[in-house]
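The values are calculated or read from the model by the stated rules, or taken from the named source; none is laboratory data. Bear in mind that the values here come from a model prediction, so they are computed numbers and not experimental data. Ideal geometry is used to build each Cβ from the backbone, glycine not excepted, and the neighbour counts take in all protein chains shown.
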Amino acid sequence: MGAIPPFLLKTDENPEGVEQSVFDGIKAAVVKDRPAYMKDFLDNFYNVDTFAGTRISDQAWQNSFNVAVAASAYAEYACVDTWLTDFRKDLPKIDVPVLLIHGDADRILPYESTAARLPHLIKDLEFVTVKGGPHNIAWTHPDEVNPALLDFLSR
């Protein structure tokens with residue numbers, strides 16, 4: 001769910017990726033005002049402007065915020081660089097069935113830059129697109145996510 005692969009960074013050979021300036025901006029925002037950054041991140045994590053009060057309660061959002069700001073400040077900064085790992089050569093080597101569930105309105109890991117590219121790179125891939133789903137589809141769309149997981153795991 002919410003896949004980072006194949007390669008998130010935009011380069012000459014990966015024009016579908018995301019500009020380096022986005023990642024630099026995230027790191028700068030974490031340093032400048034981490035709680036403010038986490039608020040913006042979580043608003044996009046849940047697509048709060050669309051789902052507040054219907055698929056995400058204020059209390060559930062607040063719980064996520066509490067967990068986020070209690071986490072390591074260093075880890076929140078340092079993890080950004082790990083998002084730039086290039087998995088393109090590794091993905092074709094996967095030799096087990098894979099379930100991919102991704103929202104097509106994911107503002108954290110853009111659908112077209114990530115999930116939409118994976119069917120051509122993973123042999124035995126079952127791909128479930130959650131229409132209108134944000135990054136945390138497990139919370140906002142359990143009626144679509146849970147049956148897909150249970151069906152996949154039962155096989």
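Would you confirm whether any residue within the range 117-133 is over 23 Å from Leu153 (Cβ atoms) and within 13 Å of the chain's Cα centre (by Cα)? Give the steps one after another, and end with the answer.
So the first thing to find is which residues in the range 117-133 are over 23 Å from Leu153 (Cβ atoms), and the list is 117, 120, 132.
Narrowing the set further to residues that are within 13 Å of the chain's Cα centre (by Cα) leaves none.
Checked the range 117-133: no residue is over 23 Å from Leu153 (Cβ atoms) and within 13 Å of the chain's Cα centre (by Cα).
Which count do you get for residues in the range 1-51 that are among the acidic types (Asp, Glu) and either assigned to a helix (DSSP H, G or I) or touching a Cys at 6+ places or on another chain (Cβ under 6 Å) (or both)? Step through it out loud before you land on a result.
Going residue by residue through the range 1-51, those that are among the acidic types (Asp, Glu) are 12-13, 16, 19, 24, 33, 40, 43, 49.
Next cut, either assigned to a helix (DSSP H, G or I) or touching a Cys at 6+ places or on another chain (Cβ under 6 Å) (or both) only: 24, 33, 40, 43, 49.
Within the range 1-51, residues that are among the acidic types (Asp, Glu) and either assigned to a helix (DSSP H, G or I) or touching a Cys at 6+ places or on another chain (Cβ under 6 Å) (or both) number 5.
Which of the following residues is in contact (Cβ under 8 Å) with a residue 12 or more places away in the chain and within 28 Å of Trp61 (Cβ to Cβ): Leu150, Leu109, Leu125?
Being in contact (Cβ under 8 Å) with a residue 12 or more places away in the chain and within 28 Å of Trp61 (Cβ to Cβ) holds for just one of Leu150, Leu109, Leu125, which is Leu109.
Please determine whether any residue of the range 39-49 is aromatic (Phe, Trp, Tyr), more than 25 Å from Gly17 (Cα to Cα), surrounded by 18 or more Cβ atoms within 10 Å (Cβ to Cβ) and in contact (Cβ under 8 Å) with a residue 40 or more places away in the chain. Spell out how you get there, then give the answer.
Going residue by residue through the range 39-49, those that are aromatic (Phe, Trp, Tyr) are 41, 45-46.
Right, trim to more than 25 Å from Gly17 (Cα to Cα) and you get none.
Within the range 39-49, not a single residue is aromatic (Phe, Trp, Tyr), more than 25 Å from Gly17 (Cα to Cα), surrounded by 18 or more Cβ atoms within 10 Å (Cβ to Cβ) and in contact (Cβ under 8 Å) with a residue 40 or more places away in the chain.
Given the conditions (1) under 15 Å from the mean Cα position of the chain (by Cα); (2) touching a residue at least 24 places away in the same chain (Cβ under 8 Å); (3) loosely packed, with under 15 Cβ neighbours inside 10 Å, report the number of the one that Pro35 does not fulfil.
Here Pro35 meets the rest and fails (1).
Does the range 57-66 contain any residue that is assigned to a helix (DSSP H, G or I), within 30 Å of Leu150 (Cβ to Cβ) and of a type in the set (Gly, Ala, Ser)?
Yes; the residues of the range 57-66 include at least one that is assigned to a helix (DSSP H, G or I), within 30 Å of Leu150 (Cβ to Cβ) and of a type in the set (Gly, Ala, Ser).
Pairs needed: first member in the range 63-89, surrounded by fewer than 11 Cβ atoms within 10 Å (Cβ to Cβ); second member anywhere, small (Gly, Ala, Ser) and modelled with pLDDT of 95 or more; C-beta distance under 9 Å; at least 6 residues apart or different chains.
From residues that are surrounded by fewer than 11 Cβ atoms within 10 Å (Cβ to Cβ), the pairs are Ser72/Ala78.
Among residues belonging to the range 123-139 that are surrounded by 19 or more Cβ atoms within 10 Å (Cβ to Cβ) and not polar (S, T, N, Q), point out the one that is nearest to Ile94 (Cα to Cα). Full working, then the answer.
First, the residues of the range 123-139 that are surrounded by 19 or more Cβ atoms within 10 Å (Cβ to Cβ): 128, 130, 133-137.
Pick out the ones that are also not polar (S, T, N, Q) and you get 128, 130, 133-135, 137.
Values: Val128: 18, Val130: 24, Gly133: 26, Pro134: 26, His135: 24, Ile137: 24 Å.
Per the criteria, the residue is Val128.
Based on what the data block shows, is His135 at pLDDT below 95, closer than 18 Å to Leu8 by Cβ and not hydrophobic (A, V, I, L, M, F, W, C)? I'd like the intermediate steps shown before the answer.
Details: at pLDDT below 95: no; closer than 18 Å to Leu8 by Cβ: yes; not hydrophobic (A, V, I, L, M, F, W, C): yes.
No, not satisfied.
Would the range 108-122 turn up any residue that is basic (Lys, Arg) and surrounded by fewer than 19 Cβ atoms within 10 Å (Cβ to Cβ)?
no
For the range 101-116, check the following and say yes or no: at least one residue is assigned to a helix (DSSP H, G or I) and either touching a helix residue (DSSP H, G or I) at 6+ places or on another chain (Cβ under 9 Å) or among the hydroxyl-bearing types (Ser, Thr, Tyr) (or both).
yes
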